[in-house]
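Notes follow the structure.
The values are calculated or read from the model by the stated rules, or taken from the named source; none is laboratory data. Keep in mind it's a predicted model, so treat the numbers as computed, not measured. Here Cβ is always computed from backbone atoms with ideal geometry, including for glycine, and neighbour counts include all displayed protein chains.
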Amino acid sequence: MAKIAVVDDDAHIRELVQLYLRDEGFDVAEFANGEAAWSYMNDNPVDMVIMDIMMPRMDGWELCRRIRASGDMPILMITAKGESEEKIKGFQLGTDDYMTKPFDPMELVVRVKALLKRYRISASQMVTIGGIVLDRLGYQVIYKDTDEAATIPLKEFELMYKLAGHPGQLFTRAALIEQIWGFEYEGDERTVDVHIKRLRERFAAYEDKFKIVTLRGLGYRLETVND
């Protein structure tokens, strides 16, 4: 069963979350601040992180940034802050979902399961979206209606695979640059816009199945229509 790190300086919140998660069979590791969680994660595998924002020593913003810079796992933020600006900042840093205190513990469990399922699908090396299959092992696009396979430019494939592997999730341009082109990339973020335009043109025939949507000032996400 998946191992989940719960990071919150409120002991009562940690106890509540771990109680419900363990009842569902999850393995839970608790931490009172981001620094302790980050130290643990450097030496121990974790499948998902549930974190507060305002914590001593290392807050949720910094912990989220470090997790996203080092890998790809589900992140759920739980915080007393409900303002839209805080949510936007969280999504820009790479959080997958957001809950505001007080919250329904059973709703949290449902969201945890949904996020883990989404990431397991993306980690399978095969992503099916609409009428196409993205095969990461062979870096091929398989068209289900004709059963034909084709190759597309590598960065286009990786970008499409990232978006299709996490349908509905917002990715900022900066996050896509880091995850697809790498930290050492010195080009302009408009590179992402160019590749998105090419993908839209390439898969225009499938726009009744999925669309790559622009969120002005934030980034992109892929939305399924009739998948």
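Of note:
- In this entry, ARG14 is excluded by the filter for residues that are surrounded by fewer than 21 Cβ atoms within 10 Å (Cβ to Cβ) and under 29 Å from ILE177 (Cα atoms).
- Checked against (1) touching a residue at least 12 places away in the same chain (Cβ under 8 Å); (2) part of a loop (DSSP other than H, G, I, E, B); (3) surrounded by fewer than 17 Cβ atoms within 10 Å (Cβ to Cβ), ALA69 passes all but a single condition, namely (2).
- Contacts under 6 angstrom Cβ, first residue in region 173-189 being closer than 20 Å to ARG221 by Cα, partner in a helix (DSSP H, G or I) and of a type outside the set (A, V, I, L, M), 6 or more apart: ILE180/GLU158; GLU189/ARG173
- Residue match in region 91-102 (condition: out of contact with any strand residue (DSSP E or B) (no Cβ under 9 Å at 6 or more places or on another chain), crowded, with 16+ Cβ neighbours inside 10 Å and part of a helix (DSSP H, G or I)): no
- Condition check for VAL133: at pLDDT 80 or above, buried (at least 18 other Cβ atoms within 10 Å of the Cβ) and over 30 Å from GLY60 (Cα atoms): no
- Reported count of residues in region 10-32, each being more than 23 Å from the chain's Cα centre (by Cα), outside any helix (DSSP H, G or I) and over 15 Å from VAL49 (Cβ atoms), is 1.
- Residue match in region 41-61 (condition: crowded, with 20+ Cβ neighbours inside 10 Å and in contact with a Phe, Trp or Tyr (Cβ under 6 Å, 6 or more places away or on another chain)): no
- Residues that are without any contact (Cβ under 8 Å) to a residue 12 or more places away in the chain and not charged (D, E, K, R) within region 20-51 comprise SER39, ASN42, listed in sequence order.
- Residue in region 136-155 that is farthest from GLY168 (Cα to Cα), counting only those that are exposed (fewer than 12 other Cβ atoms within 10 Å of the Cβ) and among the aliphatic types (A, V, I, L, M): ALA150
- When we screen GLU186, GLU207, GLU201 for residues that are among the acidic types (Asp, Glu) and either closer than 19 Å to ALA69 by Cβ or not assigned by TED's automatic domain parsing to the domain that holds ASP145 (or both), the only hit is GLU186.
- Residues that are within 21 Å of LEU176 (Cα to Cα) and acidic (Asp, Glu) within region 87-126 comprise ASP96, ASP97, listed in sequence order.
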